[in-house]
Structure formats: structure tokens, C-alpha cells
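The values are calculated or read from the model by the stated rules, or taken from the named source; none is laboratory data. Note that the coordinates shown come from a computational prediction; the quantities given were computed from them, not determined experimentally. For neighbour counting, all protein chains shown are included, and Cβ atoms are generated from backbone atoms with ideal geometry for every residue, glycine included.
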Amino acid sequence: MSESSHPRHRLDPVVHFPIRLSILAVLAEVDEAEFRFVAETVEINAATMSKQMTILEEAGLVLVRKGYAGRRPRTWLALTPLGREKLSAHLDALRSIVEPASKR
């Protein structure tokens, strides 16, 4: 088996970072979620959430929509089709790493 055929080479470094992986996993379960809800769910502060969202948005994995709920500004997040694809591929690679070769 050549080194490049190992499933770890299919892990996406943007997705693999634990906080970003957690954010993507939350967003995979919904059509759209409010910024604060996601931050609280993955147990991070707003500054950390904002930094990670910038990375995910620049990578094209998450769509950020700003608006108002009444008079209060709100930010909503949604996984893009590319984000869903990358998350799925990343999870498949992780499964390939942990499953015995006989089950692949």
C-alpha cells in the first residue's frame, strides 16, 4: 500500500480542526441556525466563533446571512452544498481510518 492511499490523506485540514468540525456537524442537522445558538452548542465564545466562521465562509463551506430579529441584529449560518460535500467526505475518511480493513 502506498503512503498516498491511506485515508488520512483525504482529511480536509479546514474541516478537521475540532471547533470547525463541531460547527459543521451542528449546521449539518439544520437548514439554518443562529450564530449564538451554534456558539453555545459547541461551547465557544463569540470571538472564537467569529474567527472560525470567517475561515469556514472563506473556504466556501458556510453561508453567513445577516439581518434583524425585531430591532436586534442577528447572524444566521447555513452549510453550503460544498460544505455538506466536504463534511461527508471527511467523515468517510475518518470511518476508513478507524474501521478494520476487512470492513472497507
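Worth pointing out:
- Being more than 19 Å from Asp92 (Cα to Cα), over 11 Å from the mean Cα position of the chain (by Cα), in contact (Cβ under 8 Å) with a residue 40 or more places away in the chain and loosely packed, with under 12 Cβ neighbours inside 10 Å is a condition met by no residue of segment 35-44.
- Close pairs (7 angstrom Cβ cut-off, 6 or more residues apart or separate chains): at pLDDT 90 or above in segment 1-12, of a type outside the set (A, V, I, L, M, F, W, C) anywhere: Pro7/Ser96; Leu11/His90; Asp12/Lys86; Asp12/His90
- Selection of segment 55-103 for residues being in a loop (DSSP other than H, G, I, E, B) and closer than 22 Å to Ala39 by Cα yields Ala59, Gly60, Leu61, Gly70, Arg71, Thr80.
- Whichever residue in segment 18-54 is among the charged types (D, E, K, R) and in a helix (DSSP H, G or I) and, among such residues, is nearest to Arg65 (Cα to Cα): Arg36
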